[in-house]
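Some notes on the structure that comes next.
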Amino acid sequence: MKIEQAINIEDLRRLARRRLPRLAFDYLDGGVEDEACLARNRSAFESCRLIPRYLVDVSTRDQSTALFGRTYASPFGIAPTGLAGFIRRGGDEALAAAAASANIPFVLSGSSNASIETIAKIAPRHAWCQLYTARDPSITHDMIRRARDAGFETLVVTVDVPVRSKRERDIRNGLAAAARPRLGIMLDALLHPAWLAVLVRYGTPRFDTWAAYCAPDARARDVAVFLSTQFPAPQTWQDVEAWRRLWPGKLVLKGILHPDDARRAAQANVDGIIVSNHGGRQLDCAPAPIEVLATVRAAVGDQLVVMLDSGIRRGADVLKAVALGARFVFVGRATLYGAAAAGLAGATRAIEILRDEIDLVMAQIGCRTLADLPGCRVEGPGSATA
């Protein structure tokens, strides 16, 4: 199948799986422990239903969305996804370029292979910066400075990684800072020559943002080991207050699931939150974000911008989230499957697929603009009729 023949995100997933060795695909595709949370994210969306309204003139539809003073072409952006350069050489750059071309935001991961400065040049008006805080506060403060100096306007701090999670696929595959892949995994890589040839030619990609805090000649492995000594780092609400003082732009907390945490974020003058369970990669018994979205939204009203990620695979999922109170939605695996399969062309195709599905579903449910969605009846997890 060629990339232009992919008609849904699952097609892109299959193409990514075909191209990637198990080591890389499992990192992209997997979750934590039994992966119950990973499955819950999807089942919650699939159980959520939009009740259509007909006899409405939907000959024209507009899915553009205003967010933080900008108008984006669609109500979704690209979530931060780590090791994109390991999945596909230049993966971070491809995702950023695809987002800029499509006029949607791209959130650079704190565990990206491309640096803060590189992405700022590729997508100066569309890139947000996600921060994984370091155990050394001076590194955290310097990363915030670098994001500011590079021209980023929105800083996303992920708060749902108090400890390293038990991602069992990665453990079995030997994917860790100081680990070496097992013989079987290395043999599997030989069956994926296109991916392996790039790795052999260019070597393992570094975490370039973190490389600035290592020796000038630090190799990828050296930087990965250093990162493992700095992350995860303890975080408290006092840290949020410090980030607010340091960051002049929009500040977003990612990983909020409890309404009391949402209220506390509003009190801390945070500009937005992303209701998220880290794509099912942190706490296996966590709820799906779509299940708690309405409760979180009700807790803060319009005091801050409420957004959502985790589990998005269809354009309908984006609309379900917006109908239940999300101002905006972020997709992670969906666009990374595309980038893994075909780089920039694959990431672009993923965006096109979701955008086209949003347009079709809007017509089916009688919505000409996203402003019509709050009046759309929703049934299932997270709705008033659940």
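Mind checking which residues of the range 40-62 are under 28 Å from A84 (Cα atoms) and in contact (Cβ under 8 Å) with a residue 12 or more places away in the chain?
Hits for the range 40-62 are R40, N41, R42, S43, A44, F45.
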| task | From (1) of a type in the set (V, I, T); (2) within 27 Å of S59 (Cβ to Cβ); (3) touching a Leu at 6+ places or on another chain (Cβ under 7 Å); (4) assigned to a helix (DSSP H, G or I), pick out the condition that doesn't hold for V329. | result | (4)
| remark: If we ask which residues in the range 45-84 are buried (at least 23 other Cβ atoms within 10 Å of the Cβ) and either in contact with a Pro (Cβ under 8 Å, 6 or more places away or on another chain) or not in a helix (DSSP H, G or I) (or both), their number turns out to be 8
| remark: Just one listed residue, out of V240, V223, is crowded, with 16+ Cβ neighbours inside 10 Å, farther than 18 Å from V163 by Cβ and touching a Phe, Trp or Tyr at 6+ places or on another chain (Cβ under 7 Å), and it is V223
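Restricting to the range 289-308, name every residue that is of a type in the set (D, E, K, R) and crowded, with 24+ Cβ neighbours inside 10 Å.
Pass one, the range 289-308, residues of a type in the set (D, E, K, R): 291, 297, 302.
Result: E291, single match.
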| message | Need pairs with beta-carbon distance below 6 Å; first residue within 17 Å of F328 (Cβ to Cβ) and within the range 286-310, second of a type outside the set (G, A, S) and part of a helix (DSSP H, G or I); sequence gap 6+ or separate chains. | response | I290/F45; V296/P259; V306/R297; L308/P289; L308/L293; S310/N41; S310/P289
| Quick check, is G311 part of a loop (DSSP other than H, G, I, E, B), buried (at least 24 other Cβ atoms within 10 Å of the Cβ), modelled with pLDDT of 95 or more and in contact with a Lys or Arg (Cβ under 7 Å, 6 or more places away or on another chain)? | yes
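One line per residue, one yes/no per condition, for (1) of a type in the set (V, I, T); (2) farther than 29 Å from D34 by Cα:
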residue	(1), (2)
R245	no, yes
I256	yes, no
V296	yes, no
D309	no, no
V318	yes, no
R333	no, no
| query | Going through the range 317-333 one residue at a time, which ones are closer than 20 Å to A100 by Cβ and in contact with a Phe, Trp or Tyr (Cβ under 9 Å, 6 or more places away or on another chain)? | reply | V318, F328, V329, F330, V331
| task | Could you tell me whether the range 273-294 includes any residue that is over 17 Å from G325 (Cα atoms) and basic (K, R)? | result | yes
| field | The listed residue being of a type in the set (D, E, K, R), closer than 20 Å to P205 by Cβ and under 18 Å from the mean Cα position of the chain (by Cα), out of E93, E10 | value | E93
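Please tell me if A323 is surrounded by 21 or more Cβ atoms within 10 Å (Cβ to Cβ), in contact with a Cys (Cβ under 6 Å, 6 or more places away or on another chain) and not β-branched (V, I, T). Please lay out each step first, then the result.
Details: surrounded by 21 or more Cβ atoms within 10 Å (Cβ to Cβ): yes; in contact with a Cys (Cβ under 6 Å, 6 or more places away or on another chain): yes; not β-branched (V, I, T): yes.
Judged against the criteria, A323 is a match.
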| Answer from G343, G325 - the residue that is touching a residue at least 24 places away in the same chain (Cβ under 8 Å) and out of contact with any strand residue (DSSP E or B) (no Cβ under 7 Å at 6 or more places or on another chain) | G343
| task | Could you figure out which of (1) free of Cβ contacts under 8 Å to residues at least 60 places away in the same chain; (2) farther than 22 Å from Y337 by Cβ isn't true of G315? | result | (2)
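So that you can scan it fast, the table gives a plain yes or no per residue for (1) modelled with pLDDT of 95 or more; (2) out of contact with any Pro (no Cβ under 7 Å at 6 or more places or on another chain); (3) surrounded by 20 or more Cβ atoms within 10 Å (Cβ to Cβ):
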{"site": "A94", "(1), (2), (3)": "yes, yes, yes"}
{"site": "P137", "(1), (2), (3)": "yes, yes, no"}
{"site": "R148", "(1), (2), (3)": "yes, no, no"}
{"site": "T158", "(1), (2), (3)": "yes, yes, yes"}
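The values are calculated or read from the model by the stated rules, or taken from the named source; none is laboratory data. Source: prediction; values computed, not measured. Note that each Cβ is placed from the backbone with ideal geometry, even for glycine, and that neighbours are counted across all protein chains shown.
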